[in-house]
Each structure stands twice: as structure tokens, then as C-alpha cells.
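One structure is given here, and the rest of the page talks about it.
Taken together, the values in this text are just the output of simple stated rules run on the coordinates, not laboratory data. Just so we're clear, the structure is a prediction, and the values are computed from it rather than from any experiment. No Cβ is skipped: glycine too gets one built from the backbone with ideal geometry, and neighbour counts run over all protein chains shown.
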Amino acid sequence: MQRIVRNTVAVSIIIAAVVFLNGCILFRTVAIIGQAEKVAKVENLKIPSGDAAIRVRIFTPVGNGPFPILVYSHGGGWSKGDVYTHDKVCRYLSNKVGCIVVSVDYRKAPKYKFPIPLEDAYAALKWTVSHAAQLSGDPTRVAVGGDSAGGNISAAVCLMAKERGGPQIVYQLLAYPATDLSSLDTESYRKYGTGHGLTKARVEMRRDLYLRTP
């Protein structure tokens, strides 16, 4: 029985690794190489976040709503990227999932450090839920997602929603998220920190730009 359990766990890990790798390759292909897909509607709006206003780009798929909604936070080391750099990804997700995608142009470091970008993403989530009907969306089927730093923000938004009593989030879509900023002294950073594109030094630099106290 123990052997069966060990084999089952091993197979599960292999499947998870393959899915993750394919997801990363797919994301890179869509974001950099792929063509911008057509969607039914693209709308640019300014929404409130505290005393400021931030931009969101809303992608609506073909069909009849109410659609599920994905609130998407882009990657870029908390200091780069915007709704334009991730336009193709959001179009792809809107079409493939059949959901509205609300892409959040949160304010970025180093001018706007933690927790401002995070609060912007949370404000966008609240705004999306309260305006879901106007967007032809379903407020009971709202997910959050993002890549890299955006995955970090999305995971943190889920914790904020839990601590603050909502909004209810049904799903997280996290593409290679940075989920632990407390230390980069890990086996993976030691093994893959150089020679694989994104280096440990660059991650550390971006993290320190974002956090008030590195």
C-alpha cells in the first residue's frame, strides 16, 4: 500500500510539473509571439482606489452573459508592465475561458511601494464585483489571477479578501507566482539563480524596489 501511495504521489508530481512547464511555455508564446485575438469588446476605464484613480482594461468575450470574471494583475517585478504589455494574454484568456477579464494597471514601484500596488488590485476586485451586472458579469463567479509579480499580488488579494470579509473569490489563476518574498535563500534560487534568463539578483532588486523595508 505504501508503495502504491509513493508511486501515486510521484506521478502526481510529474503531472503537475508538466502542466506547470506547458503553462509557462504557453504564456510566453501568447504574450510575446502570438497574435492579438479579437474579442467582442475592449473598454478602458478609470476606477477609484483610495484617493487615486487607476486604469483598468476590460475584455468581454463573444456570447451572452452573465459571464464569469477574472481580475488580472500583470507581472513585471512590481515596477514594470501595464495593461498594454499583457493585452494579448488577457484577450487569449477571455476567449479561451469565456470570461470577462478586468486587467488592472496598478501603481508601480519604486514610486508606489507596498502596499499601494496591492491595495489597487484589491480596489479593482471590489469595483468589479459591485459593477459586475453593468459589465454583463456574474458577481458570484469572480476569480483573480496574474503572472510572476502579478501572481504574488493576486494571492495576497485573496488573503486580504478573507481578512476583510470579502469579496468572495472562487478561483486563483497564478502563473509562476512569487509567493515568498521573505527569503531568496532557497534551493531553487541557488540552483537556477543564474543562467536561466531571470536571475536571483534581478528578482532581489525588484523585490527591494517594491518593499518599503527590504
Please tell me the relative contact order of region 108-214 in percent, rounded to the nearest whole number, where contacts are Cα pairs under 8 Å and at least six residues apart. 29 percent
HN-Hα J in Hz across region 57-65 - Karplus 6.51, -1.76, 1.60, θ = phi - 60°, x for Gly and Pro: 10, 10, 10, 10, x, 5, x, 10, x
Normalising by the residue count of region 37-210, find the relative contact order in percent from Cα pairs under 8 Å and 6+ residues apart. 24 percent
Taking θ as phi - 60°, what are the ³J(HN,Hα) couplings along region 76-85 by the Karplus curve (6.51, -1.76, 1.60), each to the nearest whole Hz, with x for Gly and Pro? x, x, 6, 10, 9, x, 6, 5, 7, 5
Partner lysines whose C-alpha sits under 21 Å from that of K96, ignoring same-chain residues fewer than 8 away, are K38, K41, K88
Within the set of other residues whose C-beta is less than 13 Å from the C-beta of F59, count the net charge using Lys and Arg as +1 and Asp and Glu as -1. +3
So for region 37-210, using the alpha carbon gyration tensor with a ≥ b ≥ c as root eigenvalues (a/c under 1.5 gives rounded; past that, a/b versus b/c decides prolate or oblate), I'd call it prolate
